[in-house]
Structure formats: structure tokens, C-alpha cells
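Worksheet: the structure to be examined is printed underneath.
The values are calculated or read from the model by the stated rules, or taken from the named source; none is laboratory data. Every value quoted in this text rests on a predicted model; they were computed, and no experiment measured them. All Cβ positions, even for glycine, are placed from backbone atoms using ideal geometry, and neighbour counts span all protein chains on display. Each accessible area value is taken on the protein alone, full model and side chains, heavy atoms only, with ligands, DNA and RNA left out. Shrake-Rupley method; radii C 1.70, N 1.55, O 1.52, S 1.80 Å.
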Amino acid sequence: MSQSAPTRNLFPAVAATVCACCGLALPTGQGHDVPHIGAVGPRCVLKFGAFAELLAWVEGRSSALPETREAQFVGHRLVVGLRLLGFEVTSEEGVLRVGRRTRRPVEVAKSWKKRRAEFERDLKLADGLFAAGRAA
């Protein structure tokens, strides 16, 4: 088992019998509601902390290009990555919106597991780059 610090659970508890991520039965009859994925179990929910951060980062953000090329690249990577996971991302009146899921929850969860480290890295970069742009 990994010695890294566990990711905080940011999702509300809901009634569920099966984990949408791994498919295992939830004997307690309770899971955690991950947006666009569904109810996941107590172990799988820890895998989706960065997913919540990703959704929060994209949703409501201005679609105007940032000032620096590096910020443009990282922001573009996050939006395109979310689309590749299986989500519609649209720009309504200059504001990004995460829309419906275009793939099954199990497929999205599998893709997320494979690319989670990349998203975590890009989110850290984006936080630094976009915070620096606001401070300037």
C-alpha cells in the first residue's frame, strides 16, 4: 500500500449498491457521488480528488486566451484532456462549461485512472501560471 497522503474526499455520500468505477458491490449500501461518473466506493473515491479540482478549474473559466503561451498550452491541455476523457466542454458567451458525458462511466473511470498523474501535474502548473497572471 502506498505511503502517500490520501486525497481528501470532496463528494457527498449517496445510496448505492455497486461502485461505478470498479464494479465491486458496496456492502454498506452507500457510495460517494462523483459528478458525471456516479456513485463510487470508499477506496475509489480517493482516486477522484483531482477530478473534482479539474471540473472546478474548467467550469466557469473564461474562454479568452491567457497572456502567456505556457498558460495557453496548459489550459488547452486540461480542456482537451477533459474532452478526451469523454466530456463535452463548450464555450457559452465566453465562459467554459462542462456538459454531458459522451462515454460510459466505466470507460471514463478507466481513462481517468490511466491519465490521473498527468492531470494532477497540469493542474499544479495551471494554478501557478494562472495565479501569476492574475497577480501581474
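Looking at segment 99-110 only, could you name the residues that are part of a strand (DSSP E or B) and open to solvent by 50 Å² or more (accessible area, probe 1.4 Å)? Give the steps one after another, and end with the answer.
Our first condition is that a residue be part of a strand (DSSP E or B); within segment 99-110, this holds for 99-101.
Hits for segment 99-110 are R100, R101.
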Unique match (being at pLDDT 90 or above and within 17 Å of A131 (Cα to Cα)) among L82, L65, L54: L54
Subset of segment 79-136 (residues that are closer than 23 Å to R43 by Cα and small (G, A, S)): G86, A109, S111, A117
Members of segment 43-59 that are open to solvent by less than 10 Å² (accessible area, probe 1.4 Å) and free of Cβ contacts under 8 Å to residues at least 40 places away in the same chain: V45
V40 being closer than 24 Å to G128 by Cβ and touching a Lys or Arg at 6+ places or on another chain (Cβ under 9 Å): no
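Restricting to segment 62-98, count the residues that are in contact with a strand residue (DSSP E or B) (Cβ under 8 Å, 6 or more places away or on another chain) and either in a helix (DSSP H, G or I) or without any contact (Cβ under 8 Å) to a residue 60 or more places away in the chain (or both).
Filtering segment 62-98 down to residues in contact with a strand residue (DSSP E or B) (Cβ under 8 Å, 6 or more places away or on another chain) leaves 62-63, 79, 82-83, 86-91, 94-98.
Next, only the ones that are either in a helix (DSSP H, G or I) or without any contact (Cβ under 8 Å) to a residue 60 or more places away in the chain (or both) stay: 62-63, 79, 82-83, 86-91, 94-97.
Of the residues in that region, 15 qualify.
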Count of segment 1-33 residues which are surrounded by fewer than 14 Cβ atoms within 10 Å (Cβ to Cβ), modelled with pLDDT of 85 or more and assigned to a loop (DSSP other than H, G, I, E, B): 7
Residue match in segment 34-41 (condition: open to solvent by less than 60 Å² (accessible area, probe 1.4 Å), out of contact with any Phe, Trp or Tyr (no Cβ under 8 Å at 6 or more places or on another chain) and more than 22 Å from A117 (Cβ to Cβ)): yes
Whichever residue in segment 60-72 is open to solvent by 20 Å² or more (accessible area, probe 1.4 Å), more than 15 Å from the chain's Cα centre (by Cα) and small (G, A, S) and, among such residues, is farthest from F119 (Cα to Cα): A64
